[in-house]
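Taking it in order: structure first as structure tokens, then the write-up.
The values are calculated or read from the model by the stated rules, or taken from the named source; none is laboratory data. Quick caveat, the model's predicted, so the values are computed rather than measured. Because the Cβ atoms are built from the backbone with ideal geometry, glycine has one as well, and the counts that use them run over all protein chains shown. All accessible areas refer to the heavy atoms of the entire protein, side chains included, with ligands and DNA or RNA removed. Shrake-Rupley method; radii C 1.70, N 1.55, O 1.52, S 1.80 Å.
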Amino acid sequence: MSGRTPDAKAADTGLKAWLTTRDHKRIGIMFLVATTAAMALGGVFALLLRLELLMPGETIVDPMTYNRLFTLHGVTMVWLFMIPVIPSGFGNYLLPIMIGARDVAFPRLNLASFYIYLVGAAITLAGMYFGAADTGWTFYVPYSTTSAAALVPVLLGVFTLGWSSVLTGINFIATVHTMRTEGLGWMRMPLFVWTVYGTSIIQVLVTPVLGMALMLIGFDRLLDWGIFDPARGGDPVLYQHLFWFYSHPAVYIMILPAMGVISDVVCAFARKNPFSYEAIVWSTMGITFVGLLTWGHHMFTAGMSTFGAGAFGILSMLVAIFSAIKVFTWVGTLYKGSIALDTPLLYVLAFLFLFIFGGMTGVAVATTSLDVHWHDTYFVVAHFHFIMVGGTISAFLAALHYWLPKLSGRRYPERLGRLGAAGVFVGFNLTFVPQFLLGNRGMPRRYFDYPPAMHTLNAISTVGSWVLGASMLFIASYLLRSLLRGEPAGDNPWGAAGFEWRTSSPPPVHNWTGEPPFERGAYDYTEGSPALEGARDE
Amino acid sequence: MSDLLRQLLMLPDPASEAAREIDVLHFVVLGTTLVGFLAVACVTAWWLWRYRRRGDRPTERVTGSRRLELSIGGALLTLFVGWWVVGFLQYLDLQDAPEGAEEIYVTGKQWMWKFAWPSGRAVVGVLPVPVDRDVRLVLTSRDVVHSFFVPALRMKQDALPGRFTRLDFRADRLGTYPVYCAEYCGQSHARMGATVVVLSAEDYADWVAGRTPATLVPLLKGREVPDVAAEGGLAAEGRRVMQRVGCLACHSLDGSPSVGPTLLGLYGSEVELQGGERVVADSDYLTRALRDPNGQIVAGYDPVMPSFEEQLSAEERVAIFEALRALGDEEAP
Amino acid sequence: MKRRDVGAFVALLTLTGLSLGASYVPLGAWGMAVALGFAAIKVSVVAVVFMHLARSPRAEALFALGAVVVVAILVLLAAADVMTRT
Amino acid sequence: MSEAHFESAERQADAARLGMWAFLVSEVFLFAGLFTLYGAYRAAWPEAFAEGVRHGAKMLGSLNTVILITSSFAVASSLRALQEDRPRVALRWLLGTLALALGFLAVKAVEYHGHVHEGILPGGHGHHFATLSAPAGQAAFFTLYYVMTGLHALHVVAGAAVLAWLAWRLHTGALDARRAHVLSNGALYWHLVDCVWIVLWPLFYLTGGQA
């Protein structure tokens, strides 16, 4: 390490120092800020969508505006928020610390990844605004190749975002393989690191396939190459194969790191080792690989062969088992623990309940004959929002509360935190439980209008979305306040044994002063645990 | 019991036996989910209270038993695979109408559903079907992907441009049931609806023959319904199409030899291809033959037929099939 | 050591010649299998000798092998759908 | 430029190499979707695809296969020479590789020119398709031909650019035996370009028999 330069830079809080930083922590924070802003934007779109659906008939927006709004909502939430938020945000900040490294393997590439994200996001949003894309985030052909909207800018934007995702994945893979500190074997790594590693593998494997599929749509629109055009020997269903080969594993890109957050938080607040570390690790890797084989369950009614439907159906059942094992392991971790019901754990509980429901309805929609009724209805909308919002956003909020002291050195107000968590939970269920029932009744998704008989459920759902939105606003307000004026947290406010709590909060530029102390495991709460020593001192 | 559950879950009243069977699986799956959810919630709640934090004490290291994990995983997998078996068998039933099912052609286009009968009946937005009889819908699309969704029958199938997909059912309750388009298809996607009308056998026979039964009168108000008798049905239309695009220059309708095989008696018969493979000349074969004629050459003929992929609309293709089917009933000499 | 590279080079040229020759033999449906078989052997030679996969850390071999397997699954499952449609 | 965050230069080389492999994997998946389309469309249009292959420039394609294999050998030899601390020899091999890369592109250009001349353009455009009895499957074949070989050619261009940069660094002496892993990573990329072509060659030039 070279002399005084790092320390001098640490003090440098100027804008230029931030924008040219190669410090993974700062890059992580910039990712968090950008993705959280994207979430707010996507949330506003969602609220507008729900507002239109408050009453049957055309109310606040015309059909085309509605179609553009749900496209914007989907694209923003998927590619600008959920794919990058936990891996590129928290992952960037925490992964090197958790493995005792001073930075990621390729810091410059890391910064490049952030700028690629920004450029991609700008192209996507500007493209959406000026091009008025209305295809939904799925870009199904031939609608996407014939729609009057200007689609190419959006395709280019998403393509660019994909490269940010791939580069981050490559960086993390190399980091985990080569930067672990002395003595930190694979089976001692924090579970969050495992899930980010699995996520990185998925990102590297599947993202280019989406990029190529989108490029082919672009070729069709710009040059009339018609590679999916039936009149020229093409097959629109094949586009769906390629799309879902990315987009189903993309669900795991969104949920795997969330599962990592849950694993770490549940251990910290139960002050116990995970019920079975190995089971969580192997199920993480299981989801990573079997998750690559299940994409066809999005296509049971799409004109796929019955053979295909059968094969993808049973493969999907397999992947559900890994998630189930994780759930049992989290619950098992509470057994004989020393449990504190602080806000992060409340979000873990919310995650658990919502994820069980989301996951089980996932098994239900993978059951072929049931899916024929539910496919493309609000049942599926509710199902994946249980996973995405109930799962990923709950985990995101858990992570935000759990690691806020690490990132900022300050604490959030516990009482307000619990209130916010309750609001999110109530608002969420109010929004999405009625949607299961709407799906059962047969309300298809992407409808700006519906029969009057479906009014009550839609109205409840819309009211729920307001509760959810207000709760998020409330949470944002107290978190921002505590960033500025929160109580100082000390280095390890939770008495957690995770490696990241063994350095100061926030950590110095190269994360550690001296050799990182990694002799005791990241989940060691037995007699003499360093975590409890710290807690007693306070 | 089932009716109560249906009301609780807000499922529409089913109009076929298959839909009722699917509902049973639906109840079992959601019921199991609920039970599992409650079990996990109870255990969690109990442990949350039982092991609440009382001061900063270390905890003992507990490692899960591998056998427990494996047996829970195995039991769940068995359960899920069981659902899959039942669900997949039911799924197969949705595309498995027996020989002689009533065939109706469905064409989706932005933003309406058009239905056509072999007799030449055609109408937009209203689909009369016979009660207690197997019906096969043959679906295609004129533009983008649409999806034909009848909640009361618990069934849905995408209609794709350039392809024919199938949907088989047997409605057993008279009444009208809404149809939605379930695959996003543009501006008026939300308004691309139709109505399935399950008619008694007599009423349906009337409809197909060109009369309008009383039950249909209000539904058909303001809709254009072509007269069957004047045009001679779909088969006659098919012959006109074949005349127009030039099929008859190379194929005879009366069994006489020509550049290509005769069309008399072709439909449903077994043909030998170049290379010795034998296939049945059904609508799948004919769809391919129109698209890629030289992919499956009948033994003894030259690969000279051009593709008609771009020249024929879905309706015209359907009309040709009907004409061939009518010819197929007559024996080749 | 250098002999290894030369050997691989000669082997690759030979395999290319054989593959080209085989394309003139009417093999029917086996033509594709034979041609891809030759390609698979050649890719393995390049990977193992030129790209030093044999002497690399296990992770790299695992990446390469895993990538090939997943691509094969993608191609096969999608093609199987097309081939089994009725 | 020293990377202060690495424990040793050796680790840094390991990380770079592993990162390169991960990148190569993502490159393979860029082609994976196209291989999928090829497999599925070939299954749907066996005869049209075979006909398309028979129509291809078999000898030009085969010549390019030999060129790329030779270039792979050349870049491997260059790396070997640098590892044995003979940078001048390494540079000569590398320049040879570069020449072969340009040769490949030249042959490719001749091939494309021939096709365009015959009226074969992507998307079923061009007068060639008007003469066919069943143009649909062949349109798909030739669109894939252009997209896949075109994407590959782009990779050849990118690879050649990387090799040229490495050659320049060798020439100036900035790249020496101690930093051989940099050349090694460039070579890895070039070998991948070769591997992709080894698979494309049978798909578009050899398998014209009754499949």
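Figures for the structure shown
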item	result
Mean projected area (nm²) of the alpha-carbon convex hull when the range A:55-174 is viewed from all directions	9.0
Residues listed by number, the range B:1-34, amide nitrogen under 13 Å from B:LEU79 label point at 7 Å toward C-beta	B:28-34
Sulfur and carbon atoms: percent of accessible area, the range A:336-494 [1.4 Å]	70
Interface A:B - total buried accessible surface [probe 1.4 Å, Å², rounded to 100]	7700
Test item: Cα-centred dipole of the range A:94-251, Lys/Arg +1 and Asp/Glu -1 on Cβ, debye	480
Along each principal axis, Cα extent of chain B, largest first, Å	96, 55, 37
Rg over Rh, two decimals, the range A:281-338 (C-alpha only, Kirkwood Rh)	1.19
Residue-wise HN-Hα coupling along the range A:325-337, computed from phi with Karplus coefficients 6.51, -1.76, 1.60 (Hz; x: Gly, Pro)	4, 4, 4, 5, 5, 5, 4, x, 5, 5, 4, 6, x
Peptides ranked, highest mean first, by Cβ atoms within 10 Å: ranges B:298-310, A:202-214	A:202-214, B:298-310
Two-decimal ratio, the range D:32-93, of alpha-carbon radius of gyration to 2.2 N^0.38 Å	1.81
Interchain or long-range residues, amide H under 5 Å from B:GLY120's placed H	B:LEU234
Solvent-accessible area buried by A and D, counting both chains, probe 1.4 angstrom, square angstrom	3200
Leading residue at positive end of dipole, the range D:100-211 (Cβ point charges), from D:LEU188, D:GLY119, D:LEU105	D:LEU188
Pairwise label distance in nanometres, C:ALA29 with C:LEU65, each label 7 Å out on the Cα-Cβ vector	3.1
For B:GLU103, distant residues with modelled amide H under 5 Å away	B:ARG136
Violating pairs (Cα-Cα greater than 23 angstrom) within the set A:LYS326/A:LYS406; C:LYS42/D:LYS108; A:LYS272/A:LYS406; A:LYS326/B:LYS156; B:LYS114/B:LYS221; D:LYS58/D:LYS108	A:LYS326/A:LYS406; A:LYS326/B:LYS156
Per-residue SASA entry for A:LEU346, accessible area with 1.4 Å probe, Å² rounded to 10	50
Loop-located GluC sites (Glu not before Pro) in the range D:77-130, at most 15 other Cβ atoms within 10 Å (DSSP)	D:GLU84, D:GLU118
Dipole in debye (nearest 20) - chain D, about Cα centre, beta carbon charges: Lys, Arg +1; Asp, Glu -1	360
Per residue, in Å², the accessible surface of chain D once ligands and nucleic acids are set aside, probe 1.4 Å	34
In nm, spacing of pseudo-spin labels at C:ALA11 and A:LEU15 (7 Å Cα→C-beta vector)	6.0
At 1.002 mPa s and 20 °C, Stokes D of the range B:250-333 from Kirkwood alpha-carbon radius, µm² per second	164
Beta bridge orientation in the range B:102-230: antiparallel %, DSSP, nearest 5	65
Within the accessible area of the range A:33-143 (1.4 Å probe), percent carbon and sulfur	77
The range D:56-211: equivalent-ellipsoid semi-axes (sqrt of 5 x gyration tensor eigenvalues, Cα, Å)	37, 13, 12
Only Lys, Arg (+1) and Asp, Glu (-1) charged, at Cβ; the protein assembly as shown dipole about Cα centre in debye	4220
Sequence of B:TRP117, A:TRP163 when ordered by accessible area, the most exposed leading, probe 1.4 angstrom	A:TRP163, B:TRP117
Point-to-point label distance, D:LEU151-A:GLU519, nm (Cα→Cβ direction, 7 Å offset)	5.3
Calculated [θ] (222 nm, deg cm²/dmol) that DSSP helices of n ≥ 4 give over chain B, each run adding -39,500 (n - 2.57)	-12000 deg cm²/dmol
Size of the D/C contact, given as accessible area buried on both chains, probe 1.4 Å, in Å²	3700
Förster radius 56 Å - calculated FRET efficiency between C:ARG3 and B:ARG61, Cβ distance, rounded to 0.05	0.50
Antiparallel content of DSSP bridges confined to the protein assembly as shown, in %, to 5	70
For C:14-20, mean number of other protein chain Cβ atoms within 10 Å	4
Gyration tensor (alpha-carbon) shape descriptor, chain C, a/c threshold 1.5	oblate
Probe 1.4 Å, all protein chains present, accessible-area order of B:ASP93, B:ASP143, A:ASP235, A:ASP62, largest first	B:ASP93, A:ASP62, B:ASP143, A:ASP235
Karplus (6.51, -1.76, 1.60) ³J(HN,Hα), θ = phi - 60°, over the range D:147-160, in Hz, Gly and Pro reported as x	5, 6, 5, x, 4, 5, 4, 4, 5, 4, 4, 4, x, 4
Surface/4 of the Cα convex hull for the protein assembly as shown, nm²	46.2
Average accessible area per residue (Å²) across the range A:19-532 - probe 1.4 Å, nucleic acids and ligands excluded	26
Listed residues D:VAL196, B:VAL28 arranged by accessible area, highest first, probe 1.4 Å	B:VAL28, D:VAL196
Whole-percent carbon and sulfur share, accessible surface of the range D:23-206, 1.4 Å	70
Whole-Hz couplings from phi, Karplus 6.51/-1.76/1.60, listed for the range B:53-70; x for Gly and Pro	6, 10, x, 7, 10, x, 10, 7, 7, 10, 10, x, 7, 5, 5, 4, 4, 5
Tilt relative to chain B, helix B:314-328 - C-alpha long axis, 0 to 90 degrees, to 10	70
Calculated P(r) of the range A:19-532 - Cα pairs past 36 Å, %	28
